[in-house]
Structure formats: structure tokens, C-alpha cells
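The values are calculated or read from the model by the stated rules, or taken from the named source; none is laboratory data. What you are looking at is a predicted structure, and each value in this text was computed from that prediction instead of being measured. Here the Cβ is made from the backbone with ideal geometry for all residues, glycine too, and neighbour counts use every protein chain on show.
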Amino acid sequence: MKIVWLVWLFFSCAIGAYYLNMIIFAEDKSALLIGKASHGHYQIELACGACHTQAFGGAEAMQNACENCHSAELEASHDSHRKKKFTDPRNADRIEILDARYCVSCHTEHQVEQTRSMGLTLPTDYCYHCHKTIGEERESHAGLTYDSCASAGCHNYHDNRALYEEFLLNNADQAWLHEPAKLDPPNAASLSRPATQQSITQAEADAAQEKINPKIMQHWLSSSHALAGINCSGCHAPTKNTWLEKPGLAVCESCHEQEADGFKAGKHGMRLSNKMESHLGAINVEESPLEFKPEAAHRQQGCNACHSAHEFNTQFAASEACLACHNDEHSLAYLNSPHGELWQRELAGEIDAGQGVSCASCHMPRLTEKKRGKKITRVQHNQNDNLRPNEKMIRSVCMSCHGLEFAINALASQELIKNNFSGKPERHIESIDWAKKRNSSDTAKTK
């Protein structure tokens, strides 16, 4: 009897090991999922190795995986809760309660029950562990509940620059709308073009005759590529003796590196990032849990999803391309909103370029820097860069046209967000009021 039991145990273990091995090395890892991933990571939840880089690596290995994708973003935001704050021995007692040196202390994936409205897995009381006496220290915070810290117009953990007291005071009492309300037009591509480069004519097109389609040719001749002297072979034959019918991201990236980096950092292109090592390929619209138009279900995300091949119409990419897929309330309300009406007036030539507000105006903000005395403005192609929490839009987008108080109040109104800001906010966030009162009190004490 004992031998029979041992034989049965041996075969059971062998069969179990076989199937476990099949699951681990199979392309489809869905059987290994212990729960759905958050909004930010659902695309790569089957690319286990993107986060779980070592089987027994522990917290440090997981932290390295987080920083592999997010370190540049945190650095750019001047992260107000840097790791060094928690390696300070004076905070040792706090680390015992909440070890904020590691992302996974707060953001634990595959826990749907902790996924909040911003699409992050996050405990609601994480601020309390370090700031439980804030109600006693600040009169304005007395009586506030422990889970209200990250409410709109208050704090977010990694980037509080739009909510620092100094910033609130410096931008208090602004008009709700600046005059003129205008965005800087992108100029990075035009400034990078050599002055001697001439536009391409049809006679100079270097595609083989059998490859030429008259309609496509006309589109290309009026495109920014042809006008900048980029011939057919520049995209279709990046290497000699090779003709690519449909050039991919790698070809675009050879000229538009910063734009490609931004694209791969956002949800549209994250699967294509070499940081993922996922082999999942570009995402199709139907794979997203968000609301999209049924006819867009099989569209695959890549450069040409927004920038039509051979036309590269940036005006089309700025709004029409977005509305061709997105079907949520905010998107559907856009065309009839004040922003949408301004954009249509800009397209009609009734107002100056930059005065209209497209989808890209807010969700793909312009980044301006100076190089060799020239002001260079390029478009951030990571459409998620300032989306969650939405206060990240205040400095990079909203304040280009609106006063700080209006921007804070508007972003706190879910109804305004749904109707695409058709109207003025009814809710008032007291952040600026608190800062002004505290400043007046401190001033009075010093006199």
C-alpha cells in the first residue's frame, strides 16, 4: 500500500511539474494572474517579466523594475517624497509602519479592491501614518478626514509643485481667463531642418514606379516630410536594398527620438518600449477597459494611428484622431464645449494659431526649453504624463490660459470634466484661501 501511495505521489508531482512548466514558459501567462492589474499596468499584465525581473529578487528587484520605467518621470516632477527622506534615521519609526522607500508599499498590483478612481492601487490612509498630527499643527486642517489628503486641490504624493504655499500665494487673485489666452506653437521640427534643405518634387521621388500611387503621391508632396526634403526612401528604405511597405516605430524614431520616447512612456505605446521586453506588440483599442467606438476596436496603436501615412496632418492628430476612438462622456462633449468651439474657429482661420484648444493642447502639453539662444517648443507625446492626478495639468496646461484658482476649482468638478468644461466651477477649493490666511497670520506675528 505504501508503494502504491509513493507511486501515486510521484506521478502527481511529475504531472503537476509538467503543467507548471508549461504555464511558466507559455506565451499566454493568464493562468498565473492572481488578480487584475491597475489601469496603468493592465496592458502588460501578461508580460510578467516586465516587473518580476527575478524570481526571488525581493523588494529591491521590484523597486528596480518600478524605477526602470518611472524614474525619469519622478525626476522631472521634482518628487517631493524622495527616497532619501525615508533613509534618514530620524524617520526610522515611520518606516516601521509604512516603508515608503519602496513603491510597492503603497502601489501593490493585482488588488482590485484597492484600486482607486485614479487607476492606482493605493490605501486611503497612507498620508495619516506620517501626518496624523497635521490637524493640531494647522488650523485649516482641523477636522479633515484621513482619506481627504489627496482630494482635488490638495496634495498628491509625488508632485505638489502647483500646491506649494509659495506658488499658491504668488498666483492668488488671478483673473479666471488670461488675455490673450494662447499656447506656444511647436517649432522643434522646423528648427531642426537644415537651411539648405529643399523640398522634394514629384520628379525627384525615389520610389520605384510600381510603388507610386497618384493619390498617395499628392498627399506626400504637400506633407511636412516632402517639404523638409525627406524622400520616399527616407522612411521606406532606411537601409539599402530593403523596401518597407509599412515603416514602423523604429523608422519614425530615427528622426523623432524624443517624440517616440514620450509615446512609449504613455498608454498608447508602452508595450513597444524596450523596457517592457514583453513581445506583446502594440495594443489594439479593443484590449482597453475604457470606452471606445465599436468601429475603432481593431485599430492598433502606433505613430500612424494618429498621424496618417503620407499626410502627417498635425491638426487631424490633435483632435480628430482622438475622437475617432474615444467614446467617453468627456470626449463626446468636446466639439460643443468652449474648448472645441475655439479649436474649430482656429481651423477656420478665425483666430490665431494657439488660441484654439484641441485634445492635444491639454493631454499632450508643449514643452519649452532654450538651446543656443533659441526657444524650442516640442509636444509631449506621453498623453498620460499629466493625466493622473489631474492637478499635474495645472502648471503645464491650465495656467497657459486660466488663473490658478479657476484651474484648481475646475479640475475638482467631476461634472465639469464630464461636459468638457462647459461652464464655470460651482465648487470652491480653499487651498489658496488657507495659504493667504496662514501668510497673513505669520506676517502679523512678525510685526
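Flag set for Gly143, criterion: in a loop (DSSP other than H, G, I, E, B), of a type outside the set (Phe, Trp, Tyr) and either without any contact (Cβ under 8 Å) to a residue 60 or more places away in the chain or surrounded by fewer than 16 Cβ atoms within 10 Å (Cβ to Cβ) (or both).
Test Ala324 against the criterion of being buried (at least 20 other Cβ atoms within 10 Å of the Cβ) and at pLDDT 95 or above, and give yes or no. Considered against the rule, which asks whether it is buried (at least 20 other Cβ atoms within 10 Å of the Cβ) and at pLDDT 95 or above, Ala324 comes out as no.
Exactly one residue out of Ser148, Ser140 is of a type in the set (Gly, Ala, Ser), in contact with a helix residue (DSSP H, G or I) (Cβ under 8 Å, 6 or more places away or on another chain) and more than 30 Å from His52 (Cβ to Cβ), and it is Ser140. Restricting the search to helices (runs of 4 or more DSSP H) fully inside segment 30-97 and requiring at least 3 residues that are closer than 18 Å to Leu272 by Cα and either touching a strand residue (DSSP E or B) at 6+ places or on another chain (Cβ under 9 Å) or of a type outside the set (Val, Ile, Thr) (or both) gives 58-76.
Annotation note: Cβ proximity below 7 Å between a residue of segment 206-231 that is within 9 Å of Glu311 (Cα to Cα) and touching a residue at least 40 places away in the same chain (Cβ under 8 Å) and a residue that is part of a loop (DSSP other than H, G, I, E, B) and acidic (Asp, Glu) (sequence gap 6+ or interchain) occurs for His219/Glu311; Ser223/Glu311.
One line per residue, one yes/no per condition, for (1) over 22 Å from the mean Cα position of the chain (by Cα); (2) surrounded by fewer than 14 Cβ atoms within 10 Å (Cβ to Cβ):
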{"site": "His236", "(1), (2)": "yes, no"}
{"site": "Ala260", "(1), (2)": "no, no"}
{"site": "Lys264", "(1), (2)": "no, no"}
{"site": "Lys267", "(1), (2)": "no, no"}
{"site": "Asn274", "(1), (2)": "no, yes"}
{"site": "Leu280", "(1), (2)": "no, no"}
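When you scan segment 161-182, do you find a residue that is surrounded by 15 or more Cβ atoms within 10 Å (Cβ to Cβ) and on the phi > 0 side of the Ramachandran plot, even just one? Checked segment 161-182: no residue is surrounded by 15 or more Cβ atoms within 10 Å (Cβ to Cβ) and on the phi > 0 side of the Ramachandran plot. The residue of segment 86-112 that is farthest from the chain's Cα centre (by Cα), among those that are within 14 Å of Thr124 (Cα to Cα) and hydroxyl-bearing (Ser, Thr, Tyr), is Ser105. For segment 403-441, filtered to residues that are modelled with pLDDT of 95 or more and not in a helix (DSSP H, G or I), the residue that is nearest to Ser358 (Cα to Cα) is Asn420. Being within 25 Å of the chain's Cα centre (by Cα), over 30 Å from Glu137 (Cα atoms) and part of a loop (DSSP other than H, G, I, E, B) is not true of Gly349. Criterion applied to His110, His131, His141 was being closer than 27 Å to His41 by Cβ and of a type outside the set (S, T, N, Q), and the one residue passing it is His110.
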